[in-house]
Amino acid sequence: MTTMLWLIICIALGSTIAFAYVTWRNWIAPWRQIERLVRQITAGERPRTFLVEGGRRARRISLALENIFARQHAIDEQIAQRESGTKTILSTMHDGLLVVDASGRVVVANETFRKLFSLREVSGGTPLLDAVRNAELHQLITETLRKGEPRQSELALTGAQKNSERWLQVSAVPMKDDKIGTDGAVVLLHDITELKRVNEMRSDFVANVSHELRTPLSILRGYIETLLDNPKTSPKELARILEVMERHSKRLGLLVDDLLTLAQLESANSNLQLSEVNLSELFGRVVRDWEKKLVEKRLKVMVDLPATVAIVRADETRLQEVLYNLLDNAVKYSHENGEIR
């Protein structure tokens, strides 16, 4: 009887253990493996294997998880490629780009924008005024967000160094949403500093040409007065005077040509007629042309030319124009009985 009882107990215990093992193998262990796979996928980790030991249902679930992971991985790669492409585009843009949300907080700011405003980094969500601290730009963007209309303006940025002012053409365009209206704004900042400088150069050029026109006209008028006052001028002196007058009439023509070719001068594409120029002879002619003015102020011109640079390759007419301008200023601003070197 006792033996039979123990046998029954052993059979029952063995059956329980067998049932527990089968249950563990077919249900509990697979579901724990599936739970571990889900945790790894959720954390963005790649599981070592998607193989789940268990029933048919567990294997189907593990196969579905593997497909989900593969699709998610492909999507992540596409997003990474697009983000990389976007970052490359933003970093290579010559213009500053800023994107703000509806509340005026920074969403995106490219490298050019950060350099323009001397910013190390601009994190997403930073209030524009805190990041840039430029009231004009802040007001422009605020008006764009409030009215939902594109706006443009010129913005001056003054740097810490002297003559480091930069000019920007700012264009702000609102981003529209059919449901909520203006959802933010895209701001483009184009550096127009060089354009401003070109405009200033144009104004300076016109002013300089107007000034330089007076010099040959003054010389021509002076020699004409000399001829009128001395009608019996010797043939040799008359020939010299006429030669000087001819040179200055050519100079007047050149100045007029410069006005007509202003666009070429702005783009630094002016054509130079290069030839070998004897500096000693050129300086001598220029000084002789100014002889009357020099005598009036009792000025002495000292020309010190090294022998090694007696001949140079240059545009003689342009070089002569430069020397005329320099000598004109020297005569004008030198004291009497002075010396010009």
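Observations, loosely collected:
- The residues of the range 276-333 that are within 43 Å of the chain's Cα centre (by Cα) and among the charged types (D, E, K, R), listed by number, are 276, 313, 315, 316, 318, 321, 328, 332.
- Test for residue 193: is it surrounded by 11 or more Cβ atoms within 10 Å (Cβ to Cβ) and either in contact (Cβ under 8 Å) with a residue 60 or more places away in the chain or farther than 30 Å from residue 134 by Cβ (or both): no
- A count restricted to the range 144-172 and to residues that are under 14 Å from residue 102 (Cβ atoms) and out of contact with any helix residue (DSSP H, G or I) (no Cβ under 7 Å at 6 or more places or on another chain) stands at 5.
- Listed by first and then second residue, the pairs with beta-carbon distance under 7 Å, at least 6 apart or on different chains, first residue in the range 276-287 and touching a residue at least 12 places away in the same chain (Cβ under 8 Å), second not in a helix (DSSP H, G or I) and not aliphatic (A, V, I, L, M), are 276/313.
- Within the range 195-224, being closer than 20 Å to residue 287 by Cβ and hydroxyl-bearing (Ser, Thr, Tyr) holds for 215, 218, 223.
- Checking residue 131 against (1) within 20 Å of residue 176 (Cα to Cα); (2) buried (at least 17 other Cβ atoms within 10 Å of the Cβ); (3) free of Cβ contacts under 8 Å to residues at least 60 places away in the same chain, the condition it does not meet: (1)
- Of all residues in the range 137-165, those satisfying the criterion of being surrounded by 15 or more Cβ atoms within 10 Å (Cβ to Cβ), modelled with pLDDT of 85 or more and either within 28 Å of residue 200 (Cα to Cα) or outside the structural domain of residue 184 (by TED's automatic domain parsing) (or both) are 137, 140, 151, 155.
This table checks each residue for (1) within 16 Å of residue 292 (Cα to Cα); (2) surrounded by fewer than 12 Cβ atoms within 10 Å (Cβ to Cβ); (3) of a type outside the set (Gly, Ala, Ser).
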| residue | (1), (2), (3) |
| --- | --- |
| 211 | no, no, yes |
| 214 | yes, yes, yes |
| 217 | yes, no, yes |
| 222 | yes, no, no |
| 231 | no, yes, yes |
| 237 | yes, no, yes |
| 251 | no, no, yes |
| 254 | no, no, yes |
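The values are calculated or read from the model by the stated rules, or taken from the named source; none is laboratory data. Worth saying up front: this structure is predicted, and the values here are computed from it rather than measured. When we count neighbours, we look across all protein chains shown, and the Cβ atoms used for this are built from the backbone with ideal geometry, even at glycine.
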